[in-house]
Amino acid sequence: MSFTSTEITSCLPPSYDTVKNDQTMLGDYYLLYNHYAYGVVLPVNFPIAILKQFPNKSYKQQLKAAIVTLTATVNNLIADQQAYLNHYNTLYLNFAYDVPLPTDFPECIAQQFPNKSYKDQLKSAMVTLLGEINNEK
């Protein structure tokens, strides 16, 4: 699993708020694109900031590019969360059943939960992250 430089520095999975905010913005971008392309009526509470960013149909191509970029960002955040969950699970198996860690296991996660006495904290982190992943769906 690969991690971006931001995640290696923080050694924490992307937060629920980060992923959810980007997913919400992506949904708004799609609503605006459908409005410009197909005449679909925008909701009354549509974000003004997005309308200012893409004020009319002539911005449709830029909006399309923003959708592509933000889709990639959201997909990467979700993949990073899943990678963290997999690494947490691998470390938990190491603590609980002495399953050896892979040689490329992320050092920052091993430092965050350095020994078996951190098993409960690791389990809690796994449950929290899994809950966040499920809430994002």
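The values are calculated or read from the model by the stated rules, or taken from the named source; none is laboratory data. Just so it is clear, the model here is predicted, and its values are computed rather than measured. FYI the Cβ positions are ideal-geometry reconstructions off the backbone, even for glycines, and counts take in every protein chain you see.
A few remarks follow.
- Scanning region 49-70 for residues that are among the hydrophobic types (A, V, I, L, M, F, W, C) and under 20 Å from Thr18 (Cα atoms) yields Ala49, Ile50, Ala66, Ile67, Val68, Leu70.
- Qualifying residues in region 38-58 (those that are of a type outside the set (Gly, Ala, Ser) and more than 14 Å from Asp28 (Cα to Cα)) - the one surrounded by the most Cβ atoms within 10 Å (Cβ to Cβ): Lys57
- Any hit, region 59-69, residues being farther than 19 Å from Gly27 by Cβ and free of Cβ contacts under 8 Å to residues at least 60 places away in the same chain: yes
- Search result, residues across region 83-100 that are of a type in the set (Gly, Ala, Ser) and over 12 Å from Lys123 (Cα atoms): Ala83
- The set of residues in region 106-119 being within 24 Å of the chain's Cα centre (by Cα) and in a helix (DSSP H, G or I) consists of Glu107, Cys108, Ile109, Ala110, Gln111, Gln112.
- Members of region 103-137 that are within 28 Å of Leu26 (Cβ to Cβ), of a type in the set (S, T, N, Q) and surrounded by 11 or more Cβ atoms within 10 Å (Cβ to Cβ): Thr128
- Residue within region 81-100 that is over 19 Å from the mean Cα position of the chain (by Cα), within 23 Å of Val19 (Cβ to Cβ) and of a type in the set (Gly, Ala, Ser) present: no
- Filtering region 116-132 for residues that are farther than 19 Å from Cys11 by Cβ and among the aliphatic types (A, V, I, L, M) leaves an empty set.
- Residues satisfying the stated conditions in region 83-115, i.e. free of Cβ contacts under 8 Å to residues at least 40 places away in the same chain and either in contact with an Asp or Glu (Cβ under 7 Å, 6 or more places away or on another chain) or among the polar types (S, T, N, Q) (or both): Asn89, Thr90, Asn94, Thr103, Asn115
- Residue in region 38-46 that is more than 24 Å from Asp120 (Cα to Cα), in a helix (DSSP H, G or I) and out of contact with any strand residue (DSSP E or B) (no Cβ under 8 Å at 6 or more places or on another chain) present: yes
- Unique residue being modelled with pLDDT under 95 and part of a helix (DSSP H, G or I) when the list is Asn75, Asn134: Asn134
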